[in-house]
Amino acid sequence: MNFFVLLFLIIGLVFFTGGAVGIIRMPDFYSRLHPAGKLDTLGILAMVLGFALFNLKTFSISELLLSIKMLLIVFFVFLSSPTATHSIVDAGIRAGLRHWTKEDKR
Amino acid sequence: MKYIGLLIVAVCGGILLSATSDFPDWGYSQSPASTYLSNHYIEKSIEETGVPNLVTSVLADYRSFDTMFETAVIFCAGLVCFLLLRNYNRQKKFFYRHISTGVVLCFKDNCKNLPASKKFEQMDADWIPHDLIIMTVCRILIPFIQIYALYVVAHGDFSPGGGFQGGVIFGSSFILLAISYNLQTAMKKIKEKILGLLSALGVLIYVGIGIICMFLGGNFLDYSQLAKILPVDPIHVRALGMLGVEIGVGIAVMAVMVVIYVNIASEGRHDEGL
């Protein structure tokens, strides 16, 4: 059990690190939103799965309920985080921000 | 006149700033607040109020009078936003869009304001097409946000939360509706008149509970007097009184949040969706 908890936590950490590095390193506004929207969502999935498993060490109904509540957080983040990113990209395009091309300077 | 006002503000500010130097230092253990008051709250609050959450018991019982006027201040903020920003002047131009074809008609000043029908919808000069993804996700999320807000209000006695936080969350669900659809859709769900009534009703519930306590023979906002009309034991009735007060705060905060957003976002005209 502990092995899976650690595995999930490490996977989540890798995704979160990738997201943080991507936000800093990506060249323009739109591509920066990509790690912010995608990697953070997946990182939260892995992290919270780890926590939920760790919580289920001593199995009982109340612990199971707590784990389900944790997974509900993941569900809502999955709904809201990509939608927020989508609407920000939409607003950027409507406001007329050009996307980055290879010729542009970083 | 302007300079006299500025002078008064500067003098008052100077007096207040000079008074702060007489305050006890941060975390000074001999200050009156930390010698008597904090210990009393920490040791006695559960047996005196019957509420496990220390913050709620201080906010809604020991300092209930303070919280009542905080609610009144929030009501005044909403009132001021309404009075300063609300604009009843008619627009110069009206735009109507034929829904099935997308053709836009522009009506000039002197023609009558057509009601929106099934074929035509009224729109603004800077109208943008609705985004299906955002609309769908917000439609799914809004009920959950509202249930969560009710939970935060109702569970404020036992866990972090209370009227202010729950009211803000509930108000934000209406703001989300106004952002994701448009302002007119949100104003159809909750009318402007109802918003004004609700923001006053919240303060009225708070003050009303206090006055009921006074009529039952206690002090203003002395919740234990409510045991005379409610069939519960006197300790538990304090928690119940606090819950009533929190509901009043929640209603007032919710209505004021929406009023402030609506008036600022549309510059008081209530026609424009962001």
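The values are calculated or read from the model by the stated rules, or taken from the named source; none is laboratory data. Note that this is a predicted model, so its numbers are computed, not measured. Quick reminder, even Gly has a Cβ in these numbers, built from the backbone with ideal geometry, and neighbours come from all protein chains shown. Side chains included, ligands, DNA and RNA excluded: accessible areas come from the protein's heavy atoms. Shrake-Rupley method; radii C 1.70, N 1.55, O 1.52, S 1.80 Å.
Laid out as a table, the results:
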read-out: Any hit, the range A:8-16, residues being within 14 Å of chain B (Cβ to nearest Cβ), surrounded by 14 or more Cβ atoms within 10 Å (Cβ to Cβ), touching a helix residue (DSSP H, G or I) at 6+ places or on another chain (Cβ under 9 Å) and part of a helix (DSSP H, G or I); value: no
read-out: Single residue of A:SER81, A:SER67 found to be of a type in the set (S, T, N, Q), touching a Leu at 6+ places or on another chain (Cβ under 7 Å) and part of a helix (DSSP H, G or I); value: A:SER67
read-out: Subset tally (residues that are β-branched (Val, Ile, Thr), part of a helix (DSSP H, G or I) and either in contact with a Leu (Cβ under 9 Å, 6 or more places away or on another chain) or under 24 Å from B:ILE134 (Cβ atoms) (or both)) for the range B:232-274; value: 9
read-out: Residue selected from the range B:30-77 under the condition among the polar types (S, T, N, Q) and touching a Gly at 6+ places or on another chain (Cβ under 9 Å), by the criterion nearest to B:VAL253 (Cα to Cα); value: B:THR71
read-out: Residue match in the range A:45-54 (condition: within 18 Å of B:VAL137 (Cβ to Cβ) and away from chain B (no Cβ under 14 Å)); value: yes
read-out: Tabulated pairs, the range A:69-81, first under 15 Å from B:VAL137 (Cβ atoms), second assigned to a helix (DSSP H, G or I) and charged (D, E, K, R), C-beta under 9 angstrom, 6+ apart or interchain; value: A:VAL77/A:ASP40; A:SER81/A:LYS38; A:SER81/A:ASP40
read-out: Residue check for A:PHE59: out of contact with any His (no Cβ under 7 Å at 6 or more places or on another chain), at pLDDT below 90, more than 14 Å from every other protein chain (Cβ to nearest Cβ) and farther than 29 Å from B:ILE179 by Cβ; value: yes
read-out: Check on A:VAL89, surrounded by 14 or more Cβ atoms within 10 Å (Cβ to Cβ) and within 29 Å of A:PHE3 (Cβ to Cβ); value: no
read-out: Selection within the range B:129-158 - within 17 Å of the chain's Cα centre (by Cα) and more than 10 Å from chain A (Cβ to nearest Cβ); value: B:GLN146, B:ILE147, B:ALA149, B:LEU150, B:TYR151, B:VAL152, B:VAL153, B:ALA154, B:GLY156
read-out: Failed criterion for B:GLY156 (all others in (1) among the small types (Gly, Ala, Ser); (2) crowded, with 20+ Cβ neighbours inside 10 Å; (3) in a helix (DSSP H, G or I) hold); value: (3)
read-out: Search result, residues across the range B:188-226 that are modelled with pLDDT under 90 and under 21 Å from B:GLY156 (Cα atoms); value: B:LEU221, B:ASP222, B:TYR223, B:SER224, B:LEU226
read-out: A:ALA20 vs. criteria open to solvent by 40 Å² or more (accessible area, probe 1.4 Å) and closer than 20 Å to B:ILE145 by Cβ; value: no
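Listed here are the residues, each with its yes/no results for (1) touching a Pro at 6+ places or on another chain (Cβ under 6 Å); (2) in a helix (DSSP H, G or I); (3) open to solvent by 60 Å² or more (accessible area, probe 1.4 Å).
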| position | (1), (2), (3) |
| --- | --- |
| A:ALA52 | no, yes, no |
| A:LYS57 | no, no, yes |
| A:SER62 | no, yes, yes |
| A:VAL77 | no, yes, no |
| A:THR85 | no, yes, no |
| A:ILE93 | no, yes, yes |
| A:TRP100 | yes, no, yes |
| A:GLU103 | no, no, yes |
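So that you can scan it fast, the table gives a plain yes or no per residue for (1) among the charged types (D, E, K, R); (2) closer than 29 Å to B:PRO129 by Cβ:
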{"site": "A:PHE15", "(1), (2)": "no, no"}
{"site": "A:ILE44", "(1), (2)": "no, no"}
{"site": "A:MET47", "(1), (2)": "no, no"}
{"site": "A:LEU56", "(1), (2)": "no, no"}
{"site": "A:GLU63", "(1), (2)": "yes, no"}
{"site": "A:LEU71", "(1), (2)": "no, no"}
{"site": "A:HIS86", "(1), (2)": "no, yes"}
{"site": "A:ASP90", "(1), (2)": "yes, yes"}
{"site": "A:ARG98", "(1), (2)": "yes, yes"}
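Condition check ((1) among the hydrophobic types (A, V, I, L, M, F, W, C); (2) open to solvent by less than 60 Å² (accessible area, probe 1.4 Å)) across all residues:
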{"position": "B:PHE174", "(1), (2)": "yes, yes"}
{"position": "B:LYS188", "(1), (2)": "no, no"}
{"position": "B:GLY208", "(1), (2)": "no, yes"}
{"position": "B:ASN219", "(1), (2)": "no, no"}
{"position": "B:VAL245", "(1), (2)": "yes, yes"}
{"position": "B:ILE251", "(1), (2)": "yes, yes"}
